[in-house]
Amino acid sequence: MIGYLKGEIVGVYKTTGNRVFLTVDVRGVGYEVQIPPRWLADLPAVSESVCVFTHLQVREDQLVFYGFASQAQRDVFRQLVSVSGIGSQLAIALLDTLDLPELVGAIVSADTSALVKTPGVGKKTAERIALELKSKLAAWREQAGLSVTLTPQVDRQLQEDLEMTLLALGYSTSEVSEAIAAIASEPELSGETPVEQWLKRAIAWLSDRA
């Protein structure tokens, strides 16, 4: 497994579908790597040194490198492509549309309204991403030391308890996220309020919308 490539930038070019490829010369060997388009703004100039964290995809007829500015970005890319129906191009698009803290925060808090901003990601796909990766990325962000934004005024553990309970009751991830965000500013609710009261208010809010 090749974890990263460190060498000199030979060139950058775009293809159809807004795909961006970076060519890196590593000791006389040119590696072609697809990168998220948003990295272009911070990429060093041609002939300068660069370190690219890579993911190698093995296909029947070729080897494909995907490259990222940080190990954290590559880790999240690998988590995304592990989700059923999420291919490498959609994973790249997600990383390109939202910066890393926004993307991880949206998944952990099941904020499907943020995820669907990515072209090609519909409501059902966003819900599947949140459902399959929520717990994994919640644990990963602690290990990685990544700071993400959760719903205001809601303790993380409280939010996770609410989400798990409401999902078990049959509400969708988008409904759960909207309900928690809506009741978070209510003055009678705080971090000291029992989770049962938060749950009661969330169900009441969802019932009013039905």
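Worth a mention:
- Some residue of region 36-43 being within 26 Å of GLU102 (Cα to Cα), open to solvent by less than 30 Å² (accessible area, probe 1.4 Å) and part of a loop (DSSP other than H, G, I, E, B): yes
- Yes/no for ARG74 being touching a residue at least 12 places away in the same chain (Cβ under 8 Å) and either of a type outside the set (Phe, Trp, Tyr) or open to solvent by less than 30 Å² (accessible area, probe 1.4 Å) (or both): yes
- The criterion of at least 2 residues that are at pLDDT 85 or above, more than 30 Å from PHE68 (Cβ to Cβ) and among the charged types (D, E, K, R) is met, among helices (runs of 4 or more DSSP H) falling completely within region 93-210, by 195-209.
- ALA91 being closer than 24 Å to LEU131 by Cα, small (Gly, Ala, Ser) and within 17 Å of the chain's Cα centre (by Cα): yes
- Within region 162-183, tally of residues that are farther than 16 Å from ALA130 by Cβ and crowded, with 17+ Cβ neighbours inside 10 Å: 1
- The condition of being open to solvent by 20 Å² or more (accessible area, probe 1.4 Å) and more than 14 Å from the chain's Cα centre (by Cα) holds for VAL26.
The values are calculated or read from the model by the stated rules, or taken from the named source; none is laboratory data. Only a predicted model underlies this, so the values are computations on that prediction, with no experimental measurement involved. Cβ atoms come from the backbone with ideal geometry, glycine included; neighbour counts cover every protein chain shown. In case anyone asks, the SASA skips ligands and DNA or RNA and just uses the protein heavy atoms, side chains included. Shrake-Rupley method; radii C 1.70, N 1.55, O 1.52, S 1.80 Å.
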